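One structure is given below, encoded as structure tokens.
The values are calculated or read from the model by the stated rules, or taken from the named source; none is laboratory data. Nothing here was measured: the structure is a model prediction, and the numbers come from that model. Every residue, glycine as well, gets a Cβ built from its backbone with ideal geometry; the counts of neighbours run over all protein chains shown. When the accessible area is computed, the model is the full protein with side chains, heavy atoms only, and any ligands, DNA or RNA have been set aside. Shrake-Rupley method; radii C 1.70, N 1.55, O 1.52, S 1.80 Å.
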Amino acid sequence: MTSWHDHPGDSAADDPVRLLAIRDTPLSVDEVFAAVGDDAAGGTALFVGTVRNHDGGADVDALGYSCHPSAEAELRRVAEKVVAQFPVRALAAVHRVGELAVGDLAVVVAVSCAHRGEAFDACRKLIDDLKREVPIWKHQRFSDGTEEWVGA
């Protein structure tokens, strides 16, 4: 039986999960896009999540992200689940923690597959599961002086 990743020239060590990180430094779309480059991929889907200036009708001044010590292991579990469900050639996901300003990149994920439909579907599953399952929490501070934890 052939798995999604049994392709001529591939070795068992050829892990499609190319980049996973939780960082307190600015994220790079170029780094994530480069990480999923693959000659067998005809489609790459990339999602960038940024800090917006509002939430639920309130103006957001700034926010911070924090994470549980298990966050990177959970991120790997989510990534491996996506790789098991879709014919992924390469996958990458990075999330920012620390203090962020409006416009900063909070998360960048990308998936490359042989075809665009698979890439779109796998990328959506990756970001949706990351947001739902990886223990990263957002602390928003609003212009009116109130604050809110999201995902905690």
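Quick look at the values:
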quantity	calculated
Degrees between helix 116-133 axis and first principal axis of the chain (Cα, 0 to 90, nearest 10)	40 degrees
Extended-chain gain in nm, criterion 0.36 nm per residue less alpha-carbon gap, H115 and S66	14.1 nm
Estimated dipole of region 1-141 in Debye, rounded to 20 [Cβ of Lys and Arg +1, of Asp and Glu -1, Cα centre]	340 debye
FRET efficiency estimate (nearest 0.05) - Cβ-Cβ, R77 to E99, R0 30 angstrom	0.65
Heavy-atom accessible surface of region 16-145: percent carbon and sulfur, 1.4 Å	51 percent
Label point at A58 placed 7 Å out along Cα→Cβ; residues across region 113-152 whose backbone nitrogen lies under 11 Å	140-150
Cα-based shape type of region 43-90, given that a ≥ b ≥ c are square roots of the gyration tensor eigenvalues and the cut on a/c is 1.5	oblate
Spin-label pair E31/R132, simplified geometry with 7 Å Cα→Cβ offset, distance in nm	2.8 nm
The chain, helix-only ellipticity at 222 nm - DSSP H runs n ≥ 4, -39,500 (n - 2.57), divided by all residues, nearest 500	-8500 deg cm²/dmol
Rounded accessible area per residue of the chain, 1.4 Å, Å²	53 Å²
Candidate aspartates and glutamates - alpha carbon under 13 Å from K125, same-chain residues fewer than 8 apart omitted	E80, E133
